[in-house]
1. If Lys and Arg each add +1 and Asp and Glu each add -1, what is the summed charge of the other residues whose beta carbon sits under 9 Å from the beta carbon of residue 1110?
2. Which of 1073, 412 has the fewest other C-beta atoms within 10 Å, and how do the rest follow up to the most?
3. Too long at a 20 Å Cα-Cα cut-off: which of 192/224; 1089/1173; 910/948?
4. ³J(HN,Hα) across the stretch 718-734 via Karplus (A = 6.51, B = -1.76, C = 1.60, θ = phi - 60°), whole Hz, x for Gly/Pro?
5. Using θ = phi - 60° and the Karplus relation 6.51 cos²θ - 1.76 cosθ + 1.60, list the HN-Hα couplings for the stretch 359-366 in order, rounded to whole Hz, with x at every Gly or Pro.
6. So, in Å, what gap is there between the alpha-carbon centers of the stretch 328-351 and the stretch 476-524?
7. Can you divide the C-alpha Rg of the stretch 1083-1182 by 2.2 N^0.38 Å and report the result to two decimal places?
8. Between their Cα atoms, which of 213/555; 437/531; 984/1057; 228/713 are more than 32 Å away from each other?
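Any read-out appearing in this document is the output of simple, stated calculations on the displayed coordinates, not a laboratory observation. Computed from a predicted model, the values in this text were never measured in an experiment. Glycine also receives a Cβ, built like all others from the backbone with ideal geometry; neighbour counts cover every protein chain displayed.
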Amino acid sequence: MTTDTRIRDVLEKADFSIKSSHVFIFNIPKKKLESAIKSYANDANPSDVLLLYDDTLLGSARDGILITKDFFYSKEPLEKPRKIRLQLIDDVGLHDKKKLLYINDVEVFRLSMLDKQQSLELSMIIKGIAEIIIIDKRKKEQEENNADESVTSFRKAAEQGHADAQFDLGVSYKNGDGVPQDYKEAARWFQKAAEQRHADAQVNLGVAYMNGKGVPQDDEEAVKWFRKAAEQEHVVAQFNLGVCYKKSRGVPQDDEEAVKWFRKAAEQGHDGAKRFLKPIEEEKKNDADESVKWFHKAAEQGHVTSQFLLGVSYQKGEGVPQDYKESAKWFRKAAEQGHMAAGIGLADAYRNGRGVPQDDEEAVTWFRKAAEQKDPVAKYDLGLTYKDGRNIPQDRVEALNWFRKAAEQGLTGAQFSLAIVYGHGLGVPRDDEEAAKWFRKAAEQGLSFAQFSIGSDYKNGRGVPQNDEEAVTWFRKAAEQGHAHAQFSLGVAYRDGAGVPQNDEEATKWFRKAAEQGYHDAQTFLETFEKRERLLKDAERGIADAQFSLGVSYKNADGALQDYSEAARWFQKAAVQGHADAQCSLGVSYKNGDGVLQDYKEAARWFQKAAEQGHADAQFFIGYAYEYGNGVPEEKEKAIEWFHKAAEQGHRGAQFSLGEIYKDGESVLRDDEEAAKWFQKAAEQGHAYAQFSLGIAYINGEGVPQNYEEAAKWFRMAAEQGNYVAQLFVEAEQGHADAQFNLGIKYKHGGGVPQNHEEAAKWFRKAAEQGHADAQYQLGVAYINGIGVPQNYEEAAKWFRKAAEQGDAAAQLILGISYMDGEGVPQDYEEGVKWLRKAADQGFANAQIDLGLAYNNGQGVPQSYEEAAKWFSKAALQGDARAQYELGLAYNNGRGVPKSYEEAARWFQKAAEQGHAGSQYELGSLLLYMKDSGVPQSHEKAVKWLHKAAEQGLADAQVYLGVLYRNGESVPQDYEEAAKWLHKADEQGHKGAKFNLGVLYMRNGVPQNKKEGFEWILKAAEQGHAGAQYELMMIAHRNSKFFVSQGEEEGFEWILKAAKQGNIFTQIILGETYLDGLGIPQNKEEAVKWFHKAAVQGNARAQFSLGTSYMNGDGVPKDDEEAAKWFHKAAVQGNARAQFNLGVSYMNGDGVPKDDEEGFEWIRKAAEQGLEKAKDILNQLS
């Protein structure tokens, strides 16, 4: 029989079809193939032959395909035939459509008709295969012996949880290496390794699910594991995932998603993925090339749509080399013809500087052109430009305007952005209802993010009524689009039975979907659930370790999985079995009140139990309890004893605590060396606070030799662990200004270091000298208060100026105040206002208030109550109580705003509720007496607010209360209560308090005492209290008649006595009383005597009266010169009548040389003060 005949016979038996001199290979059943090749055993090289029996790579290769690299060719031989060693083959694939065979993702053969020569070659291949089988059997026996040993070692490691070993054991079961082939066992070990994120195991497990080997066939589960591995950049998994999307295996068919994963695999060099992509890209390129050719022809003829499409082609590099400049050119041509989309493309080019110089203003121009043509995308992009403020002023109001325009045209992205703006209050007041409205509009168009957002709104009752069912509806819509957070939220709804019937299986399904997308919370839920299920079985059997571990799982889980009550319950079960870890953890639960009522005594009991078993953490905790008396008597010695036990076991917390105890020297003698020793031990174990404390010890040379390098080393170590103060030390020593400033703050307030104002000032100075504005401000504060540095207003002003010039609003405020007050700088109202305005323009409320006061008083600016009210209003709207008070006063008095007691009361109320005493007083006054003001009168509320103000020490309120209690107005009459509040006000120097105390003692009595009453009125009069002065005058004028009627004849004597003791006001009263003869015989000489006594003390009123006496010759000889002298003294103090008389003296030449100009000037001064006769003279002279 010829070779051809033998081959034909084999092929016929194998169901091969033969046509002419060619044969076409169909499937060869495995048994027939083996039978055939045994007849033709030969010395063929087994490394050149591949026998495919089993479905490989998703079943694309079939039983019985027989091929060899050396003998099978395409129609034309491969240039460089590549040998593939059997042991190096990972996967083989056959693509039926084009009969392409791939080995390791490389195209190896193109199966085609076999000509005669190829058939002869096939016979040689078949002969060789028989020998392969024989050789393989021998090799297999040897490998099985070796495999037995390998499997034993794999199993030990696998059972201890080693992922690599679990994977290798799975491979052994899959291939039957060293163990009987067992796909189910293989899948079980692949699962264990896969759950530990072993990418190779995840791929193998995916293949098992895809082929149903060892596990139920489940394409979705296969996709899940391919995805996990693919997300770890496993190239085969990425390729397989692409195939799944391409062929709709476990996921909906999705060419875009398939291309995405093929591209990821191709970028890692996967040839199979490249082959998948190649025809797609070639087809796309061919189509693009043809399209671009026609776009060019039409575009050059001015066809606007073609110009736009040509711009897109150049932008994306489709059909032409990518060329942004050319793209922008064609976009411009189309845009200039009014093509909206081209205008947007050109705007985008300007925004990103692609093909044109980057120019945000030009971008805005083109966006606006398109937007004005009602293009919603342009409107949206224009809104984004204003929102982000890219080289144009950021304008959230304008952004909102364009978002709304686009949203109203139905653009989903704009609707969603508009909802975000309202939801977060970006440029508009926050409005949850408006946000929900626009979320719904976008959601109804299918935007998954909006669907999730409106679902969240329904879940939380934000902007819509709370509705779990509605929330679930929207979560589901988003979840079905693959929104991971929505999938997780839907899982939570099923888990909790919120809006849907409770269903753990459904919950797990959605958690799994979210987890597969990498959603951390969902992954945590699944991992925790699975771990708890394993632990629960052993825990319920009473195994203490499992009970403790289950407690830890409940305690340390995140979010809704955390359950302190369950944790404490399982700790309790293990603790009663003597489990030391559980006893300590249960103690912590009682100490912190986690899952149980906080109970220090119970905590200490469990700490004690665990500590007695040698548990170091428990020893530390019981030591802490004894140190502070938490649940046990405070016993420092026992605390130290337990700390020592824990410390000797290496417990770093206990070591640090011992260091603190020896450093502080409260319960033991201070011992810096012992402290440093324990700090060192704890520090070497990485205790950050100990490292920091050791660094401080080295800086100060406490217990260790002073060593700045060693200190820096420990600070650095503490800083690396996140110890903020240590980090500051390291960076501050390196010269970082921010760190120097922050370290200064720490020293100023004693945060993490002992409070030390000198150290604070030192670090502020270092940072300030580097130009750090905040540090300059703080150094100025130190100088102005003399804290940490000598008080020095000039130095303070210097540093405030440096900070202010950098725009620091607080420094600008204080510098402004310094100029207003002339403190550290020459007084200069205009300069003060300049700096106040700078701070006020930055929105600094205190500066706005002080600027308002400057306008109120006309200091440095023209007086303007309107401008003052404007600045008070700005600060008041920021919630500043002082500004609210000033604005209340403005409305109360109608200064700069229309007079309105209602508005005044509203602002006083706001400030009063913040504890502002002045506002409490004003509000009380309005509520008490303003019957027709529009403010509802309420004596009870009035007294409440007056009490609040008085209790804060406001003297006006204390006097007011005193008068109310004295007169029994709005409160029960109570002289003692009246005296109490009046005395409090008097202690603050309130003139009205003295006067009212005088009235209280003279008329009402506590007990009644007219002499003491007179003394209080006299003191008030001396301080300029008009009521007291009037009262004294009435006493003097009525003389003894008043006192006789009251049964007291010595009243006038009290005035006389005070005058003789030098009291100016009583001297004036006596002078006027004697001059006018009111109640006593007229005596002008006596009048002049008392006027003179007061005049020589500098009293202008007395000087005027004395001058008048000399001018008229009343009680003294007429003397114009003497008259003019006293008029001048009073005039320079501002006494208007003296100014008028002095002016007349100059104009008449009475007692002074005649001087009309000088006379006119003094009369003008008097007129400016409102003296009518002076005004008349001026009018006559005019």
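1. Details: positive: 1118, 1125; negative: 1114, 1119, 1120, 1121, 1122.
It works out to a net charge of -3.
2. Values: 1073 24, 412 20.
In increasing order of surrounding Cβ atoms, one gets 412, 1073.
3. Values: 192/224 15 Å; 1089/1173 29 Å; 910/948 14 Å.
The answer is 1089/1173.
4. 5, 5, 5, 8, x, 5, 5, 5, 4, 4, 5, 4, 4, 6, 5, 5, 7
5. Here the 3J(HN,Hα) series is 7, 5, 5, 5, 4, 4, 4, 6 Hz.
6. Here the two parts' Cα centres lie 44 Å apart.
7. Working: Rg = 13.1 Å, N = 100, 2.2 N^0.38 = 12.7 Å.
Computed over Cα atoms of the stretch 1083-1182, the ratio equals 1.04.
8. Details: 213/555 39 Å; 437/531 42 Å; 984/1057 28 Å; 228/713 43 Å.
Correct reply: 213/555; 437/531; 228/713.
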